[in-house]
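Report on the structure given below.
The values are calculated or read from the model by the stated rules, or taken from the named source; none is laboratory data. Computed from a predicted structure; not experimentally measured. When we count neighbours, we look across all protein chains shown, and the Cβ atoms used for this are built from the backbone with ideal geometry, even at glycine.
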Amino acid sequence: MSKKKITKSGKATKGENGEIHELVSIDGLYEDWFLDYASYVILERAVPRIEDGLKPVQRRIAHALKEMDDGRFNKVANVIGSAMQYHPHGDAAIGEAIVNIGQKDLLLDTQGNWGDVRTGDGVGCAPLLRRDPSKFANEVVYNPQTTEMAAVV
């Protein structure tokens, strides 16, 4: 099987067995790779899924919260540490996603200064987050009759 040789010239060359190899311009490869990566980021990381309305980082946080469910209020840093085993993109992204979920007052019971999206107030230092999900989340999100939980990848 012949391999493609990549050169900038755009010409064809003969291989060891006299086979002609197609040459591909490096400039074109970078454009294709960038578009492929940008499409991946948009579809797999930035757009919420239609099934549950959550982005992948939010889904991973919800999974970590369910695993850690013990009914106590704990610092967000503990939840971030637990979610990092499922989300490979760093603690800052996880922390921002937790704040976004907490500010909506739907899936999490919160305690502390979580800021306000309506007034533009920022999040206070080390807000506390209740590790067990809200009543709504327990009845809808984690209910096996309404939500099929799959393995987190």
Condition test on T119, is it buried (at least 19 other Cβ atoms within 10 Å of the Cβ), free of Cβ contacts under 8 Å to residues at least 24 places away in the same chain and of a type in the set (V, I, T)?
no
Consider G81 carefully, then state whether it is without any contact (Cβ under 8 Å) to a residue 12 or more places away in the chain, assigned by TED's automatic domain parsing to the domain that holds R118 and over 13 Å from the mean Cα position of the chain (by Cα).
yes
Contacts under 8 angstrom Cβ, first residue in the range 52-68 being without any contact (Cβ under 8 Å) to a residue 12 or more places away in the chain, partner assigned to a helix (DSSP H, G or I) and aliphatic (A, V, I, L, M), 6 or more apart
L54/A62
Being at pLDDT 80 or above and among the small types (G, A, S) is the filter; apply it to the range 47-90 and report the residue that is nearest to C125 (Cα to Cα).
A77
Please specify each residue of the range 87-106 satisfying the condition of being within 22 Å of F136 (Cα to Cα) and not in a helix (DSSP H, G or I).
K104, D105, L106
Which condition number in (1) modelled with pLDDT of 65 or more; (2) farther than 30 Å from F136 by Cβ; (3) part of a loop (DSSP other than H, G, I, E, B) is the one that M1 fails?
(1)
